[in-house]
1. Being open to solvent by 10 Å² or more (accessible area, probe 1.4 Å), more than 16 Å from TYR31 (Cβ to Cβ), in contact (Cβ under 8 Å) with a residue 40 or more places away in the chain and part of a helix (DSSP H, G or I) is true for just one of GLU64, GLU73. Which residue is that?
2. Test ARG55 against the stated conditions and say whether it is farther than 30 Å from ASP206 by Cα and either within 17 Å of the chain's Cα centre (by Cα) or surrounded by 15 or more Cβ atoms within 10 Å (Cβ to Cβ) (or both).
3. Kindly provide the set of residues from the range 217-259 that are at positive phi and either touching a Gly at 6+ places or on another chain (Cβ under 8 Å) or loosely packed, with under 13 Cβ neighbours inside 10 Å (or both), ordered by number.
4. Among the residues that make up the range 169-187, is at least one of them of a type in the set (Phe, Trp, Tyr), in contact with a Pro (Cβ under 9 Å, 6 or more places away or on another chain) and within 25 Å of LEU82 (Cβ to Cβ)?
5. Show me the helices (runs of 4 or more DSSP H) entirely contained within the range 154-218 in which 2 or more residues are closer than 24 Å to LEU243 by Cβ and at pLDDT 85 or above.
6. Output the residues belonging to the range 219-229 that are acidic (Asp, Glu) and either in a loop (DSSP other than H, G, I, E, B) or in contact with a strand residue (DSSP E or B) (Cβ under 9 Å, 6 or more places away or on another chain) (or both).
7. Every residue in the range 105-119 that is more than 13 Å from ARG140 (Cα to Cα) and in contact with a helix residue (DSSP H, G or I) (Cβ under 7 Å, 6 or more places away or on another chain), please.
8. Restrict the check to the range 143-154 and report whether at least one residue is open to solvent by 90 Å² or more (accessible area, probe 1.4 Å) and either in contact (Cβ under 8 Å) with a residue 12 or more places away in the chain or in contact with a helix residue (DSSP H, G or I) (Cβ under 7 Å, 6 or more places away or on another chain) (or both).
Amino acid sequence: MGNMATAHAVLLTTNLDHQLEQAPELRKLAYEVVVAEGLRDLTMAQRIALAMFYRSLQTHEAIEILLNQKLVEDARVLVRVLVEHMVNCAYMLVIGDEETATDFVKYPRYWNYFLMRDLKAVDESRFRKHVSVELEDETRKEYEALLPRFQNRRNGEWCADAKLHQRAAKIDNGFAEFLKQPYNEFRWLVNSEWRFAGSHVHGNADALLEQVSRSENVITIEQKFDAEDAAEALYAANFGLSLVLHLIDGLLGAKNAPAVLARLKKFNGNVRLGVTFP
């Protein structure tokens, strides 16, 4: 029975028709969960998580649209974006506190000065047409005020757990402690689809060479459509969304818990996705 269940789950992850059927249903349920009343008592970290999740529903829809157009590599770029949002969202809910939320909000204001400084170094006359002296000075002062808080962090390292895989590990460890059993779902997302999609984001040679084909003396460079690849990409998007959907539903009172669990079972037959976290 266990082998049959595993085989069934594998078939669903590579079944494009199934994933395309489930994607809008999963998203519809997510909208129903998110649009809830009684949000006055949420912490800053919880509000940020809710905003991340809500915004990610549009990214999820964009992934589905690209796959319907057979643009798998472009869809994978957005899957990477979605996975990062889902990890950060879960991190805010499971690990995050007031300091984490404040770091998230203030870090871009700190990093703006680096962006402005480097742009000015490229072409100061063009820079000045778009950025006033007053705005530059204001940005510099804000940077100086935030320097003690962020001076040891590099680009993108808004969090004390600087790397995405570190945040994923913290989430998994929190679940593992609560469930009293191993849990690695968020690390799996980061180390599978998120990492592999990096080649498409950065235009690496491996991603480019996959798109090259030769017929006699004609060389063509274009995305190649493979239904199983497309299904796996959409599965990763559905999986990431579903992992956090249960957390969001719990945050908002778990009013849709039965519907969420039923949807997750239809998605890939994996009941483990239905775990809750206090």
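1. GLU73
2. Yes.
3. GLY253
4. Filtering the range 169-187 for residues of a type in the set (Phe, Trp, Tyr) gives 175, 178, 183, 186.
In the following step, the residues that additionally are in contact with a Pro (Cβ under 9 Å, 6 or more places away or on another chain) were identified as 178.
Filter once more, so that each one left must be within 25 Å of LEU82 (Cβ to Cβ): 178.
Yes, some residue in the range 169-187 is of a type in the set (Phe, Trp, Tyr), in contact with a Pro (Cβ under 9 Å, 6 or more places away or on another chain) and within 25 Å of LEU82 (Cβ to Cβ).
5. 164-179, 185-189, 195-202
6. Residues satisfying the conditions are GLU222, ASP226.
7. Residues satisfying the conditions are LYS106, TYR107, LEU119.
8. Looking through the range 143-154, at least one residue is open to solvent by 90 Å² or more (accessible area, probe 1.4 Å) and either in contact (Cβ under 8 Å) with a residue 12 or more places away in the chain or in contact with a helix residue (DSSP H, G or I) (Cβ under 7 Å, 6 or more places away or on another chain) (or both).
The values are calculated or read from the model by the stated rules, or taken from the named source; none is laboratory data. All values derive from a computational prediction rather than experimental measurement. With ideal geometry, Cβ positions are generated from the backbone for all residues, glycine too; neighbour counts draw on all protein chains shown. Ligands, DNA and RNA are excluded from the accessible area calculation, which covers all protein heavy atoms including side chains. Shrake-Rupley method; radii C 1.70, N 1.55, O 1.52, S 1.80 Å.
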